[in-house]
């Protein structure tokens, strides 16, 4: 279906610069693999997804509901028609409907892994293939994948996280001035959507044209050795697994350069996309690296403020009844024992 004509304008979003940049990069190059948006309720995740769809030429927004079956997502093949008519009859699913638009998946972390796999496969390849009993059908499925999740409701498996191109972690806003600006804009939109949209019509049209121009310019932009070196350095520093992060960072930097009508991909473009590429790929062993929820691994560990000295004084609280001070324990060497073999008579 087409994006609602009363969608909140993308250019009117306030305080969402990182999210807007990631969504625009994915709009220019959907093959990056989509955008995963993590954050608490009420942080405009759905609003941003609907707003982006309106900027695309087709303006199509398709939503994958929780509880959808695999057939509903990828489509079905009527095998009886092969036997009867000698031709495959294909019933399109949501991936086909989302072609050249936006496929929005709310609470993607609650979907079965098989559906997430199918989504990410199609988003990265631009093609959906349905196979049943030796019969297959393929069709184009080039769309911008936007998945949202609330980290309080569970995380995605690392294997699935890595396959998302970009990730943005939203947080609650505790800046009074910024909150007031956001609320005032929303109230103005709710009071008179048509007037609000007219006020942003010029900016919306200009941004939509920038996306179209960037898509056309994308193939002409290349990477010099300095850009490659910077991408490698950032990925090595983040201790990422594999090379997917390098490839995505290069493509994201190129999409950003195209969006800004730059003549070449620069080190600045790399730096501006690096966080969205690495946020969900930093290795778990990196104690300073944020997790997928946006916090560092050390932030999630229970804090133990007990002194480490062996001479530390035991706590005197009533709740510490039974406290035993740690003492060094000697180690004894244990010889290996050869098992006894019993012969049958």
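Just so it is clear, none of the values below were taken in a lab; they were calculated from the coordinates. On a predicted model such as this, the values are computed, not experimentally measured, just so you know. Note that each Cβ is placed from the backbone with ideal geometry, even for glycine, and that neighbours are counted across all protein chains shown.
Cβ-to-Cβ counts within 10 Å put 10, 90, 174, 164 in ascending order as 174, 90, 10, 164, the fewest first. Among 184, 89, the order by Cβ neighbours within 10 angstrom, fewest to most, reads 184, 89.
Summary value for the range 1-172: 33 percent relative contact order, contacts being C-alpha pairs under 8 angstrom separated by 6+ residues. Going by neighbour counts of Cβ atoms within 10 Å, the residues 173, 235 line up, fewest first, as 173, 235. Short-range pairs are left out: with C-alpha atoms under 8 Å and at least six residues apart, the relative contact order of the range 115-184 is 24 percent.
The range 195-261 and the range 10-87 have their alpha-carbon centroids 19 Å apart. Its alpha carbons considered, the range 46-90 gives a radius of gyration followed by a Dmax of 16.6, 47 Å.
Spin-label model, residue 263/residue 157: points 7 Å from Cα along the beta carbon direction are separated by 4.9 nm.
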